[in-house]
Every structure is written in structure tokens, then in C-alpha cells.
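Only the coordinates and a few stated rules stand behind these numbers; no lab work does. Since we're looking at a predicted model, the values are computed, not measured. For neighbour counting, all protein chains shown are included, and Cβ atoms are generated from backbone atoms with ideal geometry for every residue, glycine included.
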Amino acid sequence: MSYSIVINLDYDDYPEKVCAELWDIIETRMLAAGFQRDGRTFFSTLPGDEARAIAQRTIEDIEDHLDFHRKHIYRYFKEFYGYDKECVINLMLPPPESIRVDEPDREQ
């Protein structure tokens, strides 16, 4: 099982340079916390509750040690959520129920 954490920063309301610097710190800390990265999504094989707790603790630790213009780190976030990868449906593929596998005729 895989659990994903999505982090998207608010590039619309904050300077790109500040967000890029913050992203570098987030990426470094999340990887150090044991997550792997795919784009702006971090994933873990830990159960969801453990992965969520580690992600939240990692972000809170960044906030405790850095001063981003005296604002809370979460103000720079557009999205910060987690989900179980088993719930993901790739909409570029046909629905699973429409996929049919025909077995070859085994009469011999």
C-alpha cells in the first residue's frame, strides 16, 4: 500500500523566489523524513495515519526553525493533503469494468 502527500505552494499570492526557496526546504525535509517524491507529491509505504503524522510533523518542524516573513508556513500553501493511492483512478484509462481479458481456448 502507498500513501501520498500533496503539497502545492501559493505561487499566485507570494513571490516565486520565496516559494522556490520554501519548496527546496520542504523537499529536503520530506525526503529526509523517508518520503519519496513524484512531482509535487510525496509518497510513503507507511500506513496513512503514520504518513500523515510524519508529514505534518515535518512541516511544523520547518515552521519552528524558519522565519518566512513572520508568517505561518501554511499561508504559503495552496494545498496540503494526503490520500491512499488505492483510491486513485487514472482517468486516462478506460474504466476497470470495461477491460476484458479473454483466455485462449485450452481444448487440446
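Among (1) 1.14; (2) 2.43; (3) 1.48, only one was calculated for this model; which label is it, if the read-out is Cα Rg over 2.2 N^0.38 Å?
Matching the structure shown: (3).
At what distance in nm do the modelled label points of Glu97 and Asp24 sit from each other, each positioned 7 Å from its Cα along Cα→Cβ?
The two pseudo-label positions are separated by 5.0 nm.
What per residue convex hull volume, in Å³, comes out for segment 1-56 when only alpha-carbon positions are used?
Hull volume over Cα atoms, normalised by residue count, gives 74 Å³.
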